[in-house]
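No lab work stands behind these numbers, since they all come straight from the coordinates. As the structure is a prediction and not an experimental result, all values here were calculated from the model. Heads up, the Cβs are rebuilt from the backbone with ideal geometry, glycines too, and the neighbour counts pull from every protein chain shown.
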Amino acid sequence: MLSIQPLTQAQIEQYRTEGYVHLGPVMGGDTLEALREQGQHFREVKLARDPALSNQTIFASQVCHYSEPVRRYCTTGPHLPLVGQLIGPDVALWFNQFVTKNPDADTGRSEFPWHQDNGYVAIDPPTNVTVWIALDDVDERNGCVWVMPRSHERGLLDHRRKSEDNWHLTVPVEGDGVPAVMKAGEAVAFTGLTLHRSKLNHTDRPRRAFFIEYAPAAARYRRGDEPWRPVTDNSNTWIVSGTAPIPENL
Ligand SMILES: O=C(O)CCC(=O)C(=O)O
């Protein structure tokens, strides 16, 4: 059984000033195995539909709807008290995704360029947190995630498509950032405004990861120029601790 210690004041301070913090081990034993199996299940389904994905990055999003082990982890996992320390007691599960970076050094398809998560969907206030969990040991060779310290201080940046035939959004960034080197089951947490990326997988094995985004339960979200809506006004959202404001039409 994993025993997770609360974040220290120094870790919380690091998150506030640098925009990220290593949480250490947040998933182990049977749970890690179950999440790997679930990831495999989604990959198999997607590969059967599109075999060309075998040397690209495979994403499976909002998987809580389709997997009890994944939903249980996202809504009751042992990392949640740490999330509460970072964003407060009223917490909404907002997004969850498996990301498997297949070996691709020859094709270069799986670079995930610099971006802020809020560059895809904005959250207000932007105090949402992403918990990126390694399902394999990750380092610079197999495409770990890299974060740019203090980049959250720059606010929400103007993201553009990487190229016309690529859906990734990105912003120009100077510098390399810091690689989040981790053992399987460990996590790094970063803010919705923290610039991060991942590079190629130069090994001969897939790099498996799962990440979860949590937002303050009273936050709003906006896609592009659409109107702002409460994060609770979305079928993917679940309150995982505390309460959310009650809508007028309830
Ligand atoms: O797991 C990765 O390689 C990066 C994924 C990522 O940053 C994202 O989906 O926002």
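In percent, how large is the relative contact order of segment 162-250, given Cα pairs closer than 8 Å and 6 or more residues apart?
Details: 32 pairs, mean separation 12.7, N = 89.
After rounding, I find 14 percent.
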| query | Can you give me the relative contact order of the chain as a percent, contacts being Cα pairs under 8 Å and 6 or more apart? | reply | 29
| note | Expected unfolding gain across T8-K183 under the 0.36 nm per residue rule, minus the alpha-carbon gap, is 60.9 nm
| said: Could you tell me how many cubic angstrom of Cα convex hull volume segment 16-239 has per residue? | reply: 124
| request: Could you pull out every residue, at least 5 positions away or on a different chain, whose amide H is within less than 5 Å of the one on R220? Hs are placed 1.01 Å off N in the peptide plane, and Pro or chain starts have none. | output: D124, V231
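Based on the Kirkwood radius over alpha-carbon pairs, what is the Stokes-Einstein translational diffusion coefficient of segment 136-249 at 10 °C with 1.306 mPa s viscosity, in µm²/s?
On the way: Rh = 16.9 Å.
Diffusion coefficient, whole number: 94 µm²/s.
Apply the a/c threshold of 1.5 to the C-alpha gyration tensor of segment 32-126 and tell me whether it is rounded, prolate or oblate.
Values: a/c = 2.42, a/b = 1.45, b/c = 1.67.
Because a/c hits 1.5 or more and a/b fails to exceed b/c, segment 32-126 counts as oblate.
Assuming 0.36 nm per residue, please report the length gained on full extension of the stretch S54 to D106 beyond their Cα-Cα distance. Could the numbers behind the result be given before it?
Details: separation 52, 0.36 × 52 = 18.72 nm, distance 1.28 nm.
Here the answer is 17.4 nm.
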| task | Apply 1/(1 + (r/R0)^6) to the Cβ-Cβ distance of H22 and A218, taking R0 = 35 Å, and write down the FRET efficiency to the nearest 0.05. | result | 0.80
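Please give the charge dipole size of the chain, origin at the Cα centre, charges +1 on K and R Cβ atoms and -1 on D and E Cβ atoms. Round to the nearest 20 debye. Write out the running numbers ahead of the final one.
Working: 25 positive and 31 negative charges, 34 e Å.
Around 160 debye, computed over the chain.
How would you classify segment 1-64 from its alpha-carbon gyration tensor, with a ≥ b ≥ c the square roots of the eigenvalues: rounded for a/c under 1.5, else prolate if a/b is greater than b/c, otherwise oblate?
Oblate is the answer for segment 1-64, as a/c is 1.5 or above yet b/c matches or exceeds a/b.
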| field | Extension reserve of the V173-R150 stretch, reckoned as 0.36 nm per residue once the Cα distance is removed | value | 7.0 nm
| When we measure straight from the Cα of K46, which aspartates and glutamates land under 17 angstrom away, once same-chain ones fewer than 8 places off are left out? | E37
